[in-house]
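Reviewing the structure listed below.
Read-outs throughout are calculated quantities, based only on the coordinates presented, and are distinct from any laboratory measurement. A quick note: this is a predicted structure, and the numbers were derived from the prediction, not measured. FYI the Cβ positions are ideal-geometry reconstructions off the backbone, even for glycines, and counts take in every protein chain you see.
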Amino acid sequence: MKILIGVDDSPHSQAALDFFKRQTWPKGSKVVVLSAVSPPVLAYSLPDMGGAAIVLAEQEQEIFKAARKMLASKERLLKDAGFDVEARVVRGDPRELLVSTAQAESTDLLIVGSHGRTGLTKLLLGSVASHVVTHAPCSVTVVKLGHRAA
């Protein structure tokens, strides 16, 4: 079985990982833990950029470094629990990257945590879970914070 878990550095993602660890999976299951880093949004036009481009590049490198560190600790926890796991940090929109990765790798199950956003916040920030449920080529499990498996 191929399982893809989308994570960020939130308690919601930790809930998804905790849910995953509590389940019994078929022998030989392979797990990919994916964290997508959205590029910084530019608030300037290109002629006005000047030194801002350098600052943005440095900021993006710091974000990637933090994401790799966070993901390495999650990968280590899953490996220590006996799972065959690969961790990846990728650049782009998490909604699209989770769906495209699931499709490209013939994933059987995609697991994500839900931030529980509603209303204007959901409209402005989007919902990774909603997008993934709607567009993923495989089954999706959405784990809410505080969820306990039976």
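Say R0 is 22 Å: what FRET efficiency, to the nearest 0.05, do ARG76 and SER29 get from their beta-carbon distance? Plugging the Cβ-Cβ distance into 1/(1 + (r/R0)^6) gives 0.75. The alpha-carbon of LYS69 sits under 17 angstrom from the alpha-carbons of these lysines, leaving out residues fewer than 8 places away in its chain: LYS79.
Ordering 92-100, 66-74 by mean Cβ neighbour count within 10 Å, with the highest value first, yields 92-100, 66-74.
The alpha-carbon of LYS74 sits under 20 angstrom from the alpha-carbons of these lysines, leaving out residues fewer than 8 places away in its chain: LYS2, LYS21, LYS30, LYS65, LYS144. Taking the fewest neighbouring Cβ atoms within 10 Å as the starting point, the ordered list for GLU58, GLU75 is GLU58, GLU75.
Sequentially through segment 27-34, phi angles give Karplus couplings (6.51, -1.76, 1.60; θ = phi - 60°) of 4, x, 4, 10, 10, 10, 9, 10 Hz, Gly and Pro residues having no value and appearing as x. Cβ-Cβ distance of MET1 and ALA57, R₀ of 35 Å, FRET efficiency by 1/(1 + (r/R0)^6): the value works out to about 0.35.
Using R0 = 25 Å, the C-beta based FRET efficiency linking HIS135 and ARG91 works out to 0.80. Tell me the label-point distance for the pair ASP9, LYS65, using the 7 Å Cα-to-Cβ offset, in nm and rounded to one decimal. With each label placed 7 Å out from Cα toward Cβ, I get 1.2 nm.
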